[in-house]
Amino acid sequence: MNSYLLSLAIWVPIIGAVPVLVLGSERRELVRWLALGVAIAGFVVTLPLYTGFDRQFVGMQFVEIAPWIPRFNVQYFLGVDGISVLFILLNAFVTILVIMAGWDVIEQKVAQYMAAFLIMSGLMNGIFASLDAVLFYVFFEASLIPMYIIIGVWGGPNRVYAAFKFFLYTLLGSLLMLVALLYLFLQAGGSFNLLEWHQLRLTMAPQILIFIAFLVAFAVKVPMWPVHTWLPDAHVEAPTGGSVVLAAIMLKLGAYGFVRISLPILPDASHYLAPMMIGLSLIAVVYIGFVALVQADMKKLIAYSSISHMGFVTLGFFIFNQLGIEGALVQMISHGFVSAAMFLCVGVMYDRMHSRQIADYGGVVNTMPKFAAFFMLFAMANSGLPATSGFVGEFMVILGAVKHNFWVGFAAATTLILGAAYTLWMYKRVVFGAVANDHVAGLTDIGWRETLILTLLAAAVLAMGIYPFPFTDIMHASVDNLLKHVAVSKL
Amino acid sequence: MLTNFVVPDLYPAAAELFLLTMACVILVVDLFAGSARRWLTGSLTLLTLVGCAVLTYWNFGDNASLTFANMFVDDPLADFLKLLVYASVIVVLIYGRDYMAERDLDKGEYYLLVLFATLGMMVMISAYNLLAIYLGLELLSLSLYAMVAIDRDSPRATEAAMKYFVLGALASGLLLYGMSMIYGATGTLELGLVAQSVQEGVANRTILTFGLVFLVAGIAFKLGVVPFHLWIPDVYHGAPTAVTLFISSAPKLAAFAMALRLLVSSLFGLAEQWQTMLMLMAVLSIGIGNLAAIAQTNIKRMLAYSAISHMGFMLLALMSGVAGSEVDPMALINAYSSAMYYSVAYVIMSLGAFGMVLLLSRAGYEAENLEDFKGLNKRSPWFAAVMMVLMLSMAGIPFFVGFFAKFAVLLAAVAAKHVVVAVVAVMFSLVGAYYYLRVIKLMYFDPPADSAPIRAGFDVRILLSANGIAVALLGLFPDTLMMLCTATLVRSL
């Protein structure tokens, strides 16, 4: 029973990027519309994944399996469960926004810009859908290439440094993961099937070593303290679209790796090292929260806020209860919307002022009232205000953490104060007050294209905040199954 | 005496004999054609190679046939590698044609030397006797020395040729010395009999091991791995780029065949000894090659150091055949086929990379500095993309063939319980990724320093594009080539 939906989700954007590239950058208007068409088509083909998803069924759905490299028993094996399906939809959705966000702003090499985002979107869908370790790895690493190009070609003044740092940091982690995958292949008697690996028995010492290899790969991607330093650089230098994809989707890859690979394959090592993981997560939540407070650059501030929010996600995973893991997954989706919106808001201002320094702004509300209203909503969501999506995940994780250990929950809860402090303080300095200078006085409010993008995101943030049931319902059975699986020792 | 003379079976060596005959014909034709009709020499050379390919393909059998008093073997492995050698030499001739013509270097000698070098490689690939190996190797090496020096007026090329010659002669001496030791210990030159004598343990181990060390040194020199790598950067840099392209491609396949025949087919009984040596050389090559490549500003030198690290990776697979004391035939095949796969993948990538250097070179202008790649994306987005694919493939990033080559090698190493070595190797490929990415940075992130349009013949454009596409397609569908390598090895070992 092969279904081709996942293949479509992966290959529609990638193959659609070819005509975009062939058209070339001369025919800009045509290229933009074509890219938008491909992105929308890419989103439409993912919709049946949501509507046709069987919420009661435990296990993989929309499975596709075909031999890819029979020489090493590598399969083209795709499938999604309640954990991964939402990320494919999120990714396809964000791709549309990113194409629209780059509409007028990108004037250099438009075709390559659009194609890079489309290809990246397809590759990242591949990561979420892969159930074969080699396929997963190949998508995981290949997705670095378009991002490297995006940061390096359309980025800010220090883009070369940021692009290299991004690429090499991530490659460091993935190469160690590759060796771990090869080791597991041999242990499993010649199989790269992740689902078979979930049943694989392993003794403690290899489990811990493999866990550490995966940890390096995924921690860099999340990013967790202390391997987070590439992220602020990459975000600051990347063009708006790059930052959006980076924050909304790419950071989720690391966290997804933990739930799909580390936890189920290495349950004993996960339990054993959980205190360390919780510690690192709390450092990310609290310490990075303070770091965000003192940033003078808006993009840097949001980048640190992303690290802090992702700390919540890893925290949720390693307290091993339903609330924690579901909360972490909800937080991942929510952060996908909120961070995308925050970066887009900064992008809107940057396109007009060519500055990201908080000090250059002030009183934006006087000249851009519509924009200020949207920005307000997203700032609230970023600080975790109830009725926005930011609240649901954080609240679930905090509840789960309190169940696990009161003081862990207590430390995690400080984010509600810290997050509000750094986000709202930034918002106050940028938006409120008297008009700071002539540049701000000359600002024009958002146009219909920007309004459309921000409206879509605002709707998503509010819908998820007010009625999160559709999101949690779809992941419930899979999370339940994961928890049961993780509770069983493999020693 | 004459009554005992038996005409050997010539069919297995049909391609070699054809090439030799044609080389003599071309020598005469070129003499009469003169410089005005040089195209005739070039076309005849290409035709000869195509003819060899037809003969070799026609000879492609399932089993090995020995001839010339067991000095020459024709097995699937040899046929497969020879076909790849012809293909790569044809590509070299087409890529390099304009470059050599613009510099007035496309004399008849060039084509003849290419043919004799090819013959040398074919003999090396098919040799089943220590002396035959040496014969092929010397034919190849002497042709290469002359090819490096073909630009007589260039002091740099002459210096490179001198270095190559002196060091090469030394290496040949080492190899020959090693062979004499093996002969002394076993009393035979035939590879199969050497293997038998080593297995039975009748030969003196001390002398054998002593000989092995020299053999390994000779092989290491030909492959260009640390600590016998010093000639590589200078020769790659000094030689005319079309010659560098030649040196960096097909001879690696011949050297691989030589290593396989000497170490695996004949001295497998000493695997424990040579594995340790190969491991050391592999790790050093991957380390030093990648580290030194970072400091280069000349792309030919950079690719030279990258070649050193790639050959290190190939050795990594070659040494992973036996894990501990038990001999698992599957592990053996896995290890040697991944070494072969790596060599083939490397040759394809190297052809493309030097092909790009040739593409950017014009009359009176050598595009050999990294700076010359600046802003290539503005000048020609398509060829920038081809170069990007080649560089990413060399760095071992999926979906390109270089990744699967590294993948197969690392799998063999991990299977042989060399996990630490595998980790060291991947860490150095992280270092290596930096300089490949730098080329992409120059092409994509920097503005062009030179806006001259890229001029190249139609066939070169098509072939170079096909080369890039091949690297991508072999990465998307890696199974065919892997299976071919495995199948030929299974039938030949």
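A short reminder: the numbers here are calculations on the coordinates, not readings from a lab. Predicted model only: the values in this text are computed from it and were never measured. With ideal geometry, Cβ positions are generated from the backbone for all residues, glycine too; neighbour counts draw on all protein chains shown.
Within a 10 angstrom radius of each residue's Cβ in A:132-139, how many Cβ atoms of other chains show up on average? Whole number is fine.
On the way: counts 0, 0, 4, 1, 0, 3, 8, 2.
Across the residues of A:132-139, the mean count of other-chain Cβ atoms within 10 Å is 2.
Per-residue 3J(HN,Hα) values for the range B:286-300, derived from phi via the Karplus relation 6.51 cos²θ - 1.76 cosθ + 1.60 with θ = phi - 60°, read 4, x, 5, x, 5, 5, 5, 4, 4, 7, 7, 10, 9, 5, 5 Hz in sequence order (x marks Gly and Pro).
When only alpha carbons are used to place a centre, the range A:72-86 and the range A:364-411 end up 32 Å from one another. Coupling constants for the range B:192-206 follow from the phi torsions by the Karplus curve (6.51 cos²θ - 1.76 cosθ + 1.60, θ = phi - 60°), and in residue order they are x, 5, 4, 4, 4, 5, 5, 4, 6, x, 7, 6, 5, 5, 4 Hz; glycine and proline get x.
The ranking of B:SER451, A:SER143 from fewest to most other beta carbons within 10 Å of each one's beta carbon is B:SER451, A:SER143.
Other chains near A:328-335: what is the mean number of their Cβ atoms within 10 Å of each residue's Cβ?
Details: counts 0, 0, 0, 0, 0, 0, 0, 0.
Mean number of neighbouring Cβ atoms from other chains: 0.
Restricting the calculation to Cα atoms, the range B:157-254 shows an Rg/Rh of 1.10 when the hydrodynamic-style radius is the Kirkwood one.
Counting Cβ atoms of other protein chains within 10 Å of each residue's Cβ and taking the mean over peptide A:178-186 gives 6. In this rough spin-label picture, where each label sits 7 Å from Cα along the Cβ direction, the B:VAL54-A:LEU195 distance is 5.3 nm.
Over the Cα atoms of the range B:71-134, the radius of gyration divided by the Kirkwood radius equals 1.09; this is the Rg/Rh ratio. Give a residue-ordered list of calculated ³J(HN,Hα) values for the range A:87-93 (Karplus: 6.51 cos²θ - 1.76 cosθ + 1.60, θ = phi - 60°; whole Hz; x for Gly, Pro). Ordered by residue, 3J(HN,Hα) equals 5, 5, 5, 4, 5, 5, 5 Hz. Charge dipole (Cα centre; +1 on Lys/Arg Cβ, -1 on Asp/Glu Cβ; no other charges) of the range B:8-492 amounts to roughly 940 debye.
Beta carbons within 10 angstrom, averaged per residue: use that to sort the peptides B:462-471, B:4-13, A:468-477, highest first. Mind dumping the intermediate values first?
Working: B:462-471: 18.4, B:4-13: 12.1, A:468-477: 16.8.
Going by the mean number of other Cβ atoms within 10 Å, highest first, we get B:462-471, A:468-477, B:4-13.
Rg over Rh of the range A:182-279, using C-alpha atoms and the Kirkwood radius, what does it come to? Ratio of gyration radius to Kirkwood radius for the range A:182-279: 1.05.
Residues with beta-carbon under 13 Å from that of B:ALA452, excluding B:ALA452: net charge, scoring Lys, Arg +1 and Asp, Glu -1?
Numbers: positive: B:ARG362, B:LYS374, B:LYS378, B:ARG379, B:ARG455; negative: B:ASP372, B:ASP450.
Around B:ALA452, the surrounding residues sum to +3.
A simple count of charges around B:LEU463, restricted to other residues whose Cβ falls under 13 Å of its Cβ and scoring Lys, Arg +1 and Asp, Glu -1, yields 0.
A convex hull fitted around the alpha carbon atoms of chain A yields 126 Å³ per residue.
Remind me, what semi-axes does the range B:8-492 give for its equivalent ellipsoid, largest first in whole Å, using sqrt of 5 times each Cα gyration tensor eigenvalue?
Numbers: eigenvalues 228, 149, 80 Å².
For the range B:8-492, the ellipsoid semi-axes come out as 34, 27, 20 Å.
Dimensions of the range B:1-64 along the principal axes, based on C-alpha atoms and rounded to the nearest Å, stand at 48, 35, 9, largest first. Against chain A, whose longest principal axis is taken from its Cα atoms, helix A:369-382 shows a tilt of about 30°. Amide H to amide H, with H built 1.01 Å from N, A:VAL63 comes under 5 Å of A:SER3, counting only residues 5 or more places away or on other chains. For the range B:183-224 versus the range B:142-163, the inter-centroid distance based on Cα atoms is 33 Å.
Percent of Cα-Cα pairs more than 39 Å apart in the protein assembly as shown, please. Summing the P(r) tail past 39 Å for the protein assembly as shown gives 47 percent.
Viscosity 0.890 mPa s, temperature 25 °C: Stokes-Einstein D of the range A:291-399 from its Kirkwood Cα radius, in µm² per second? Write down the numbers at each step before the final one.
On the way: Rh = 14.6 Å.
Rounded, D is 168 µm²/s.
Centre-to-centre, using Cα atoms only, the range A:116-178 and the range A:272-303 are separated by 23 Å.
Excluding A:TYR361 itself, calculate the net charge of residues whose Cβ lies under 12 Å from the Cβ of A:TYR361, where each Lys or Arg counts +1 and each Asp or Glu counts -1.
Working: positive: A:ARG352, A:ARG356, A:LYS428, A:ARG429; negative: A:ASP297, A:ASP360.
Local net charge: +2.
Each listed q (0.15, 0.17, 0.20 Å⁻¹) maps to a log10 I(q)/I(0) for the range A:25-161 from the Debye sum over equal C-alpha point scatterers, namely -0.82, -0.97, -1.16.
Remark: the range A:35-104 is approximated by an ellipsoid whose semi-axes, taken from the C-alpha gyration tensor as √(5λ), come to 28, 18, 9 Å, largest first. Against the main long axis of the alpha-carbon atoms of chain A, helix A:159-187 sits at an angle near 10°. Ordered from longest to shortest, the equivalent ellipsoid semi-axes for the range B:1-141 are 29, 16, 13 Å, each the square root of 5 times a Cα gyration tensor eigenvalue.
Longest span of chain A, sites excluded, free of GluC sites (Glu not before Pro) in DSSP loop with at most 15 other C-beta atoms within 10 Å?
Values: sites that count: A:GLU26, A:GLU107.
Longest stretch, sites excluded: A:108-491.
Note the full-extension length gain between B:TRP39 and B:ASN4 as 0.36 nm times their separation in residues minus their Cα-Cα distance, in nm to one decimal. All intermediate terms of the calculation are to be shown ahead of the outcome.
Working: separation 35, 0.36 × 35 = 12.60 nm, distance 4.61 nm.
Roughly 8.0 nm would be gained on extension.
Computed from Cα positions, the angle between helix A:267-293 and the longest principal axis of chain A comes to roughly 10 degrees. Across the cross-link table entries A:LYS221/A:LYS300; B:LYS107/B:LYS252; A:LYS221/A:LYS484; A:LYS109/B:LYS374; A:LYS490/B:LYS406, which are compared at the Cα atoms, the separations over 19 Å belong to B:LYS107/B:LYS252; A:LYS221/A:LYS484; A:LYS490/B:LYS406.
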